[in-house]
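In what follows, a single structure is set out as structure tokens and then discussed.
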Amino acid sequence: MAVGVAAEVKTKLTVVDVVGETVQLKKAGTTFKGLCPFHGEKTASFIVTPARETWHCFGCGEGGDIFSFVMRRDGIAFPEALRRLAQRAGVEIDERTSREDARRRRLHEVLDTAFAFYHAVLLNSETGAAALAYLRGRGFTDESIERAQLGFAPPDWDALVRTLERKRQIGAAELTEVGLAMPRRSGRGVYDRFRGRVLFPIRDATGNATGLGGRILPAAPPTAAIASDPTAPDAPAQPAAAVRPAGQPAPDPDGPKYLNSPATPLFDKSRTLYPLDRAKAAIRKSGIAVIVEGYTDALMAHQAGFDNVVASLGTALTPGQVALLTRYAAKKIVLAYDVDPAGERAGTLGVTALEQLTRQLAATDAGVELDEVRVARLPDGKDPDEVIRDSPDAWREAIRTAAPIVEYLIEFHARSADMRTTGGRARFIDAILPTLRTVRNPVLRDGYLQQLRQVSGVEERVLLESLHRAPEVARGGSFAAGGGESRISAATVLASPDAFDPKAVLRAIDPVERDLLRFLLSVPETQEATAERLAPTDLPSQPARELWTAMLAARQDPPYTTERVFARLVADPETQALLVALLERRDAGTDASTTDLRVASQGIEQCLLRLELDRLEERTRWTRVELGEAERANDRPAIELLMTQEQHHNETRKSLQRRMEQASLLSRPAAARAAARTAGGRS
């Protein structure tokens with residue numbers, strides 16, 4: 001069995017060493033302190049606690065372990081942070097993962113070669129002349145075209161396939177794997193996926209090539225083939241009549257206006273933003289991310305100096321894309337789409353898509369408050385690139401005055417309903433309440449209810465009654481209990497020769513996280529109530545955060561099953577291994593077969609209180625360090641304030657300890673019954 005990589009990395013790298021590469025740390029008692037690298041501050045509020053292997057900033061609220069620090073600092077996902085730290089620690093990732101990493105590097109190289117080919121066609125051939133004129137006619141400068149490495153795909157069938165195979169020894173199988181080629185219907189050979197299109201290279205946040213987006217030219221140019229290598233400087237074009245292969249579909253100019261790469265090992269449209277690699281620094285600096293729909297919109301924004309703009313590749317925004325942005329400190333997200341409330345026009349954002357996004361973001365820990373996801377109203381229904389090109393000031397104002405997404409929905413439904421009639425008011429309320437039921441933040445929910453009351457004239461008491469009346473479909477528990485199929489998944493994975501050692505994997509998380517996640521997995525009915533009190537960022541270890549995030553995401557698409565949680569972690573084998581390890585070890589207190597809802601709820605309460613107490617102890621240590629420094633400086637006002645805070649911490653600690661003792665006493669009879677049932681089953 002393979003060991004748990006995350007656990008082994010934590011034994012070889014200390015949080016002080018990892019954080020100390022970025023933050024100048026000063027020892028303060030049993031902790032270290034410094035200036036937070038994630039928000040501007042002059043007084044240190046960033047603390048590292050070696051005993052718990054954690055870091056936390058009391059200024060911006062960020063915190064976690066070594067993996068979450070590298071993720072936050074570099075804007076990468078957990079699997080990539082794990083790879084980087086494993087390499088630094090000299091920890092070998094299993095042979096299967098090493099092979100996959102090498103394969104991914106090769107596929108990145110294949111795409112980079114294709115980008116160079118298409119870029120040369122655009123700039124250095126007669127075939128690309130019409131496409132180059134089109135881009136310049138849209139207002140793009142040669143500098144922008146070069147910087148974005150825009151390209152053009154010749155309209156003949158296999159220009160890329162022939163050239164890369166002959167000149168770069170790249171075979172059809174690799175081109176197909178990265179989505180650049182497609183098999184012929186006859187089964188003999190492949191042909192180019194992108195033909196007769198302006199191409200926009202897509203890269204991930206670290207600049208690695210992942211895919212392509214293509215736009216067909218308004219008027220398709222004459223068909224031509226590139227006989228010479230377009231990647232060579234000043235390569236002349238050699239037009240030739242295109243021969244349509246027998247049994248092939250019509251040329252691509254008759255296809256869709258926009259075409260993206262298909263799903264590949266490198267490309268997932270729902271988790272990709274263009275061009276995030278060039279926008280992430282501006283997003284981190286401003287705290288605002290503006291999302292447009294198309295490539296040309298984003299490209300024009302960057303040309304005009306609006307570098308915090310990214311495109312969602314022609315699709316409605318997904319929670320995965322929002323999560324991607326929050327890694328770069330985006331606290332506000334503005335949707336600058338061509339919004340068509342009815343969703344009747346192609347290429348627009350409709351209310352149904354907005355409502356779906358709102359519910360997904362409200363119900364998961366997306367890293368941004370729901371009221372900070374906003375909708376910009378563009379003047380005269382113009383596309384973003386038109387507004388940016390013709391009136392940059394109007395663009396700035398549209399972004400500045402963007403309406404919070406829920407307020408926008410309230411306004412839309414209010415315009416659609418006849419508030420003069422009882423039925424109209426009822427339909428208006430019914431249209432909004434499904435969204436509000438998913439809003440976990442009570443302050444936001446109350447604010448939206450007040451808006452509903454003002455707009456509709458319906459009494460607050462009636463609105464609250466309607467809000468808390470659960471829909472019939474949600475009664476009786478619409479989520480699977482997660483028992484049998486979970487064990488099947490665990491048994492299957494553990495039987496694999498590449499399986500992780502469960503004990504080693506579990507060492508990557510705290511014992512309290514282990515117990516909490518086991519309860520939540522064993523009795524899924526407890527997850528909804530726990531989600532109201534526990535955000536993924538409340539867990540100290542990043543692997544635990546990743547698993548809880550996947551569990552919450554799986555609940556948004558009923559029915560919930562543990563297998564679906566496992567499937568969501570397909571790109572994260574370390575967290576998959578953690579899930580399996582938690583399922584594989586079935587303690588009497590956390591096994592679904594012996595744990596009822598009451599026992600699980602009480603166990604979860606104890607775990608949550610333990611986590612809260614740990615956070616309080618961290619705050620107490622910080623206060624004591626600050627108090628010591630204030631006493632040495634004889635700063636009387638600071639001393640008095642800090643002593644008051646310490647007294648408050650002591651009172652809170654006593655309250656938490658009483659609650660923990662009460663929860664422990666309440667759980668004993670139920671736990672005893674569970675143990676008795678287990679003993680009876682063995683006899």
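The values are calculated or read from the model by the stated rules, or taken from the named source; none is laboratory data. Treat the numbers as computed from the prediction; the structure is a model and nothing was measured. When we count neighbours, we look across all protein chains shown, and the Cβ atoms used for this are built from the backbone with ideal geometry, even at glycine.
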Seminar exercise, completed: Conditions (1) at pLDDT below 90; (2) in contact with a strand residue (DSSP E or B) (Cβ under 7 Å, 6 or more places away or on another chain) -> Pro265 fails only (2)
Problem set entry | Candidate set: the stretch 1-15, residues that are of a type outside the set (Val, Ile, Thr), closer than 19 Å to Phe78 by Cα and in a loop (DSSP other than H, G, I, E, B); chosen: the one farthest from the chain's Cα centre (by Cα) | Leu13
Seminar exercise, completed: Of all helices (runs of 4 or more DSSP H) fully inside the stretch 123-205, the set with 3 or more residues that are surrounded by 17 or more Cβ atoms within 10 Å (Cβ to Cβ) is 129-137, 159-168, 172-177
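Here's the yes/no breakdown for (1) of a type in the set (Phe, Trp, Tyr); (2) out of contact with any Pro (no Cβ under 9 Å at 6 or more places or on another chain):
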position: Lys257; (1), (2): no, yes
position: Asn260; (1), (2): no, yes
position: Thr264; (1), (2): no, yes
position: Phe267; (1), (2): yes, yes
position: Leu273; (1), (2): no, yes
position: Arg278; (1), (2): no, yes
position: Ala282; (1), (2): no, yes
position: Gly287; (1), (2): no, yes
position: Met300; (1), (2): no, no
Exercise. Residue check, Arg440 against (1) within 17 Å of Asp371 (Cβ to Cβ); (2) in a helix (DSSP H, G or I), all met but one. Which one?
Worked result: (2)
Seminar exercise, completed: How many residues of the stretch 16-47 are surrounded by 12 or more Cβ atoms within 10 Å (Cβ to Cβ), assigned to a loop (DSSP other than H, G, I, E, B) and among the small types (Gly, Ala, Ser)? The answer is 2
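One line per residue, one yes/no per condition, for (1) at pLDDT 85 or above; (2) farther than 28 Å from Ala571 by Cβ; (3) of a type outside the set (Phe, Trp, Tyr):
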| site | (1), (2), (3) |
| --- | --- |
| Ile226 | no, yes, yes |
| Pro236 | no, yes, yes |
| Ala241 | no, yes, yes |
| Asn260 | yes, no, yes |
| Asp307 | yes, yes, yes |
For this session: Considering every residue within the stretch 325-332, establish whether at least one is under 17 Å from Val406 (Cα atoms) and either assigned to a loop (DSSP other than H, G, I, E, B) or at pLDDT below 75 (or both).
Result: yes
Exercise. Is it true that some residue in the stretch 512-529 is over 25 Å from Ala431 (Cβ atoms), of a type outside the set (Ser, Thr, Tyr), modelled with pLDDT of 75 or more and outside any helix (DSSP H, G or I)?
Worked result: yes
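Regarding Arg88, is this residue over 25 Å from Thr272 (Cα atoms) and either modelled with pLDDT of 85 or more or among the aliphatic types (A, V, I, L, M) (or both)?
Details: over 25 Å from Thr272 (Cα atoms): yes; either modelled with pLDDT of 85 or more or among the aliphatic types (A, V, I, L, M) (or both): yes.
Here the answer is yes, as Arg88 does meet what is asked.
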Exercise. Which pairs have Cβ atoms under 8 Å, sit 6 or more apart or on different chains, and link a residue in the stretch 416-435 that is at pLDDT 85 or above to one that is acidic (Asp, Glu)?
Worked result: Gly424/Asp418
For this session: Take the residues in the stretch 530-548 that are of a type in the set (Ser, Thr, Tyr) and at pLDDT 90 or above, then tell me which one is surrounded by the fewest Cβ atoms within 10 Å (Cβ to Cβ).
Result: Thr530
